[in-house]
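What follows is a short report on a single structure.
The values are calculated or read from the model by the stated rules, or taken from the named source; none is laboratory data. Everything numeric in this text was worked out from a predicted model, so none of it was measured. Here the Cβ positions follow ideal geometry from the backbone for every residue, glycine too, while neighbour counts run over all protein chains shown. Calculation scope for accessible area: heavy atoms of the full protein, side chains included, ligands and nucleic acids excluded. Shrake-Rupley method; radii C 1.70, N 1.55, O 1.52, S 1.80 Å.
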Amino acid sequence: MRMIDIIEKKRDGNELTKEEISFFVKGASNDSLPDYQISALLMAIYINGMTDYELEILTSEMAESGEVKRWDNVDGLTCDKHSTGGVGDKTSLIVVPIAASLGVKVVKMSGKGLGHTGGTVDKLEAIKGFCTVLTPEKLTENVKKVGAVMIGQSGNLAPADKRLYAIRDVTGTVSSIPLIASSIMSKKIASGSKCIVLDVKCGSGAFMKTPERAYELAEKMVEIGRRKNRKMSAVVTDMDIPLGYAIGNSLEVIEAVNVLKGGQKGDLYDICIELAAHMLMLSLGLPLEECRKKAVMAVESGSAYEKLKEIVSAQGGDVSYLEDTEMFERSENVYEIRAKQSGYIGYMNCEGIGNTSVILGAGRSKKDQAIDHSAGIILCKKTGDEVTEGEVIAKLYTNQADNIALAAELFESSIDITNTRPEKKPLIYSVIE
Ligand code: URA
């Protein structure tokens, strides 16, 4: 079989066979195919899409490109949760301890930042000592004893996705429904959880810009999961406004701790309660409304916050940073963005705001670049808020003083101040149970 024939077949809009997809995935994971041929096929898929048959085969082959975990030795159903990526999205840091404190066995496999979006692994690594790579024995021990693990994509889990993900990031092929669906679902299937809750984001900060496209992506992923005998839920949520007020790794951990301590309500809290409720519903088989009440109680009683400390401690993290968030290192420079006129925040381009945080040092512009955990943005105003001229809209945190002017310019061009208050959009667009 020749890769060039497969590329030409897809370029011309034809359906690939199981053997052809398998040849491609194996070549991507054992490095026998060069980046340029992989890129060409990814672009052909990006442009021509995939049939449901192709998508199912691609996902299975990617999941089976490495180790596929099983959790038969753990009592109860294990549950995973995944977001398609956003700005200020620290939901996993809140949702995982809520669900685990209520008896769900959570195996949360996360990624690093991708493009303008943040990654849970980078956020967890902002906590001194926290280790996102665990041995198989330690993984099982923590799931049994603590009830949850939060890990990165270790060496041999879906290695094909690791290679494709890195190539897509630099070839303009990220926002494709079959490529995102196969990337996410291959990892979820390989990590072995029986229940999977998907947070599918839509809006200016998401890879899917409209609720309709996000719903289409959600449907594809739910269908793949069901065919693999997984219990699935997908919630399509808004990413036209950053989630919460903090963007950047340690700033987001601090905000997550505030939510778990009961000190912050609003969009972030509401979405976390909903996602945690879906995890409870799938894993424990209880009605959704009862699960919502349980999730709220876990925050109010402080048990979810205590569970976060347990998870962090079991993975080598220093919990004193959670007990006293002043211990997190602060950036040397703080730059205030002020309103140029009075009015309302009419629109925020989340992708521009996410890219601002990357310029400040919170994300990567090059593969494997070290990130600055203290860098990021604290929003003081969000879409719909009233502002007066000169009032602080946001604070930019960085250790790279030379980048402040560029970051400030991008942030300012990502915000519109209007004379009338914009219409409020829903936080949750749709749910597939
Ligand atoms: N998250 C993933 O894991 N893969 C994608 O393609 C996009 C978001």
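Within the stretch 294-301, does at least one residue satisfy the condition of being farther than 19 Å from MET150 by Cβ, out of contact with any helix residue (DSSP H, G or I) (no Cβ under 9 Å at 6 or more places or on another chain) and modelled with pLDDT of 95 or more? Within the stretch 294-301, one or more residues are farther than 19 Å from MET150 by Cβ, out of contact with any helix residue (DSSP H, G or I) (no Cβ under 9 Å at 6 or more places or on another chain) and modelled with pLDDT of 95 or more. Looking only at the stretch 242-254, which residues are open to solvent by 10 Å² or more (accessible area, probe 1.4 Å) and either within 15 Å of the chain's Cα centre (by Cα) or within 18 Å of LEU308 (Cα to Cα) (or both)? Selection gives LEU251, ILE254. Filtering the stretch 359-389 to residues that are touching a Phe, Trp or Tyr at 6+ places or on another chain (Cβ under 8 Å) and of a type in the set (Asp, Glu) leaves ASP385, GLU386. Please go through the stretch 389-422 and give me each residue that is part of a loop (DSSP other than H, G, I, E, B) and open to solvent by 50 Å² or more (accessible area, probe 1.4 Å), ordered by number. Hits for the stretch 389-422 are GLU389, GLU391, ASN399, GLN400, ASN419, THR420, ARG421. Would you mind finding the one in LYS381, LYS425 that is surrounded by 18 or more Cβ atoms within 10 Å (Cβ to Cβ) and among the basic types (Lys, Arg)? The match here is LYS381.
Just one of the listed residues (SER233, SER204) is away from the ligand (no atom under 15 Å from the Cβ), touching a Gly at 6+ places or on another chain (Cβ under 9 Å) and under 22 Å from ILE271 (Cα atoms), and it is SER204.
Does LYS108 count as assigned to a strand (DSSP E or B) and within 24 Å of GLU64 (Cβ to Cβ)?
For LYS108, the condition - assigned to a strand (DSSP E or B) and within 24 Å of GLU64 (Cβ to Cβ) - is met.
Taking the numbered list (1) more than 16 Å from the ligand (Cβ to nearest atom); (2) surrounded by 23 or more Cβ atoms within 10 Å (Cβ to Cβ); (3) part of a helix (DSSP H, G or I) in turn, ARG226 passes all entries but (2). Residues that are in contact (Cβ under 8 Å) with a residue 60 or more places away in the chain, within 8 Å of the ligand (Cβ to nearest atom) and surrounded by fewer than 24 Cβ atoms within 10 Å (Cβ to Cβ) within the stretch 161-175 comprise just one, VAL174.
Within the stretch 321-332, restricting attention to residues that are open to solvent by less than 40 Å² (accessible area, probe 1.4 Å) and touching a helix residue (DSSP H, G or I) at 6+ places or on another chain (Cβ under 6 Å), the residue that is nearest to ALA408 (Cα to Cα) is PHE328.
Among what's in the stretch 302-320 and is in contact (Cβ under 8 Å) with a residue 12 or more places away in the chain and of a type in the set (A, V, I, L, M, F, W, C), pick the residue that is surrounded by the fewest Cβ atoms within 10 Å (Cβ to Cβ).
From the stretch 302-320, those in contact (Cβ under 8 Å) with a residue 12 or more places away in the chain are 302-312, 314-318; that's our starting set.
If we keep only those that are of a type in the set (A, V, I, L, M, F, W, C) as well, we get 304, 308, 311-312, 314.
Values: ALA304: 28, LEU308: 27, ILE311: 25, VAL312: 24, ALA314: 19.
Top of the filtered list is ALA314.
Residue pairs whose Cβ atoms lie under 8 Å apart, sitting 6 or more positions apart in sequence or on different chains, and linking a residue in the stretch 229-244 that is closer than 21 Å to GLY346 by Cβ and acidic (Asp, Glu) to a partner that is open to solvent by 10 Å² or more (accessible area, probe 1.4 Å) and in a strand (DSSP E or B), are ASP238/ILE428; ASP238/TYR429.
Say we look at the stretch 144-160 and pick out the residues that are within 13 Å of the ligand (Cβ to nearest atom) and part of a loop (DSSP other than H, G, I, E, B); which of these is most open to solvent (accessible area, probe 1.4 Å)? Steps first, answer last, please.
So in the stretch 144-160, the residues within 13 Å of the ligand (Cβ to nearest atom) come out as 152-153, 157-158, 160.
Now restrict to residues that are part of a loop (DSSP other than H, G, I, E, B): 152-153, 157-158.
Values: GLY152: 11, GLN153: 40, LEU157: 5, ALA158: 0 Å².
Checking each candidate, the answer is GLN153.
Taking the conditions (1) more than 16 Å from the ligand (Cβ to nearest atom); (2) surrounded by fewer than 24 Cβ atoms within 10 Å (Cβ to Cβ) in turn, LEU55 satisfies each one other than (1).
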